[in-house]
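S.K.: To start, I am sharing the structure in question, which I have written as structure tokens.
The values are calculated or read from the model by the stated rules, or taken from the named source; none is laboratory data. What you see is a predicted model, and the numbers here were worked out from it, not measured in a lab. With ideal geometry, Cβ positions are generated from the backbone for all residues, glycine too; neighbour counts draw on all protein chains shown.
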Ligand code: UT7
């Protein structure tokens with residue numbers, strides 16, 4: 001197998017300024033701060049302002065990652081965006097971000113892997129770097145999840161927020177090494193977590209009002225169980241494939257879907273709570289944005305230190321799941 005040393009040259013993140021607290025949600029649906037905090041760990045989430053879209057969030061995160069990498073946007077050769085909430089179906093969010101970064105003639109495309117979208121983009125980035133060693137890849141996770149949230153459904157509307165995170169991947173330069181990525185899917189479980197309305201199997205005729213299927217539909221308890229099991233299993237697998245054990249892991253950074261899921265993965269994995277990164281209290285579940293947003297924050301605040309072995313993991317609709325190993 002072709003081996004290359006992929007490094008993360010820069011990291012960036014962006015969350016809209018507008019904050020929706022649990023107290024705000026209490027005024028919209030029959031819920032309570034106490035229920036949301038105990039069941040999910042979420043206290044507030046950032047949501048887009050009028051006129052702000054997924055590509056705007058992704059562009060801001062990309063700009064921060066480029067500045068962190070000390071690179072001009074024009075040096076980028078590929079833009080890969082994990083999102084299930086693109087501005088449009090066509091053009092892709094990646095194409096719009098290319099335009100908003102003021103560059104052109106790059107390779108730009110979206111990945112539909114729901115909350116695992118960023119981990120999938122890292123694997124695509126690695127593959128591109130194996131094919132094109134001089135490539136400079138922008139991997140982005142960007143979501144305006146609140147666009148697909150039904151704010152009259154208390155079982156889902158309290159869970160999600162908007163945001164973006166980005167990483168610049170290259171084969172050269174300084175930065176943590178992307179040691180490995182592992183991905184998986186099980187389409188048989190797809191119906192447990194869907195956003196189907198508007199797709200070719202769930203069309204809308206002109207003049208028709210939108211149905212519930214336009215919004216996120218999830219069977220929370222079932223998704224919860226699979227999320228814990230899948231993330232813990234794929235973390236075991238990636239360590240074993242690299243001749244490592246749980247003892248080697250300095251930081252576990254899981255997808256921020258629910259504090260109880262994060263905690264359960266940490267426990268299954270037998271890792272001390274202080275080694276598990278979480279910012280779900282401030283951002284909620286931002287889907288594909290959650291891992292890069294948390295990673296950028298964890299590096300900037302010093303939670304992740306030089307020499308650390310960091311394990312990322314995510315889980316999402318599809319079902320999709322994955323993990324990645326980084327050596328700082
Ligand atoms: O990123 C991947 C996508 N993430 C997920 O799909 C999340 C996975 N699942 C979960 O995080 C959890 O299952 C939830 C947070 C969604 C729900 O927590 P739970 O502990 O599984 O609660 P539940 O669905 O079993 O509901 C318990 C009770 C129900 O009332 P009854 O039937 O016991 O009377 C719900 O109606 O809580 C009620 N409930 C609420 N009450 C107040 C549900 N949502 C709310 C709410 N406020 N927002």
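S.K.: Any residue that is free of Cβ contacts under 8 Å to residues at least 24 places away in the same chain, closer than 20 Å to residue 132 by Cα and either exposed (fewer than 15 other Cβ atoms within 10 Å of the Cβ) or more than 16 Å from the ligand (Cβ to nearest atom) (or both) - is there at least one of those in the range 18-35?
M.R.: no
S.K.: Of the residues 102, 70, 41, only one is on the phi > 0 side of the Ramachandran plot and within 16 Å of the ligand (Cβ to nearest atom); which? Give the steps one after another, and end with the answer.
M.R.: On the way: 102 fails: within 16 Å of the ligand (Cβ to nearest atom); 70 fails: within 16 Å of the ligand (Cβ to nearest atom).
Criteria check complete, one pass: 41.
S.K.: Taking residue 325, is it away from the ligand (no atom under 12 Å from the Cβ) and closer than 28 Å to residue 189 by Cα? Give the steps one after another, and end with the answer.
M.R.: Values: away from the ligand (no atom under 12 Å from the Cβ): yes; closer than 28 Å to residue 189 by Cα: yes.
Taking the combined requirement at face value, the residue satisfies it.
S.K.: Same structure again: Please specify each residue of the range 248-262 satisfying the condition of being within 19 Å of the chain's Cα centre (by Cα) and within 19 Å of residue 177 (Cβ to Cβ). Give the derivation first.
M.R.: Of the range 248-262, the ones within 19 Å of the chain's Cα centre (by Cα) are 251-262.
Result: 251, 252, 253.
S.K.: Suppose the filter is outside any helix (DSSP H, G or I) and touching a residue at least 40 places away in the same chain (Cβ under 8 Å); does residue 139 pass it? Steps first, please.
M.R.: Details: outside any helix (DSSP H, G or I): yes; touching a residue at least 40 places away in the same chain (Cβ under 8 Å): yes.
Yes.
S.K.: On to the next question. Suppose we filter 291, 310, 299 for residues that are surrounded by 19 or more Cβ atoms within 10 Å (Cβ to Cβ), away from the ligand (no atom under 14 Å from the Cβ), in contact (Cβ under 8 Å) with a residue 24 or more places away in the chain and part of a helix (DSSP H, G or I); which single one remains?
M.R.: Values: 291 fails: away from the ligand (no atom under 14 Å from the Cβ); 310 fails: part of a helix (DSSP H, G or I).
Exactly one of 291, 310, 299 is surrounded by 19 or more Cβ atoms within 10 Å (Cβ to Cβ), away from the ligand (no atom under 14 Å from the Cβ), in contact (Cβ under 8 Å) with a residue 24 or more places away in the chain and part of a helix (DSSP H, G or I), namely 299.
S.K.: Can you name every residue in the range 267-288 that is within 25 Å of residue 93 (Cβ to Cβ) and within 14 Å of the ligand (Cβ to nearest atom)?
M.R.: Narrowing the range 267-288 to residues within 25 Å of residue 93 (Cβ to Cβ): 279-280, 282-288.
Result: 280, 283, 284, 285, 286, 287, 288.
S.K.: Which numbered condition trips up residue 44, out of (1) in contact with a strand residue (DSSP E or B) (Cβ under 8 Å, 6 or more places away or on another chain); (2) modelled with pLDDT under 95?
M.R.: Result: residue 44 fails condition (2) only.
S.K.: Also, I was wondering about something else. Mind counting the residues in the range 289-316 that are in contact with a helix residue (DSSP H, G or I) (Cβ under 7 Å, 6 or more places away or on another chain) and more than 19 Å from residue 232 (Cβ to Cβ)?
M.R.: Within the range 289-316, residues that are in contact with a helix residue (DSSP H, G or I) (Cβ under 7 Å, 6 or more places away or on another chain) and more than 19 Å from residue 232 (Cβ to Cβ) number 3.
S.K.: Identify the residue in the range 84-105 that is assigned to a loop (DSSP other than H, G, I, E, B) and crowded, with 19+ Cβ neighbours inside 10 Å and, among all such residues, is farthest from the chain's Cα centre (by Cα). Spell out how you get there, then give the answer.
M.R.: Of the residues in the range 84-105, the ones assigned to a loop (DSSP other than H, G, I, E, B) are 84-92, 101-105.
Remaining after also requiring crowded, with 19+ Cβ neighbours inside 10 Å: 84-87, 92, 101.
Numbers: 84: 10, 85: 12, 86: 14, 87: 17, 92: 17, 101: 21 Å.
Ranking the qualifying residues of the range 84-105, first place goes to 101.
Results for (1) without any contact (Cβ under 8 Å) to a residue 24 or more places away in the chain; (2) under 17 Å from residue 296 (Cβ atoms), shown as yes or no for each residue.
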site	(1), (2)
48	no, no
61	no, yes
66	no, yes
76	no, no
88	yes, no
92	yes, no
97	no, yes
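S.K.: Restricting to the range 198-247, and then to whatever is buried (at least 17 other Cβ atoms within 10 Å of the Cβ) and over 20 Å from the mean Cα position of the chain (by Cα), can you tell me which residue is nearest to the ligand (Cβ to nearest atom)?
M.R.: Ranking the candidates gives 214 first.
S.K.: Quick check on this structure: which one of 245, 286 is in contact with a helix residue (DSSP H, G or I) (Cβ under 7 Å, 6 or more places away or on another chain) and without any contact (Cβ under 8 Å) to a residue 24 or more places away in the chain?
M.R.: Numbers: 286 fails: without any contact (Cβ under 8 Å) to a residue 24 or more places away in the chain.
Among 245, 286, only 245 is in contact with a helix residue (DSSP H, G or I) (Cβ under 7 Å, 6 or more places away or on another chain) and without any contact (Cβ under 8 Å) to a residue 24 or more places away in the chain.
S.K.: Look through the range 138-172, keep the residues that are more than 16 Å from the ligand (Cβ to nearest atom) and more than 17 Å from the chain's Cα centre (by Cα), and return whichever of them is surrounded by the most Cβ atoms within 10 Å (Cβ to Cβ).
M.R.: Here the answer is 170.
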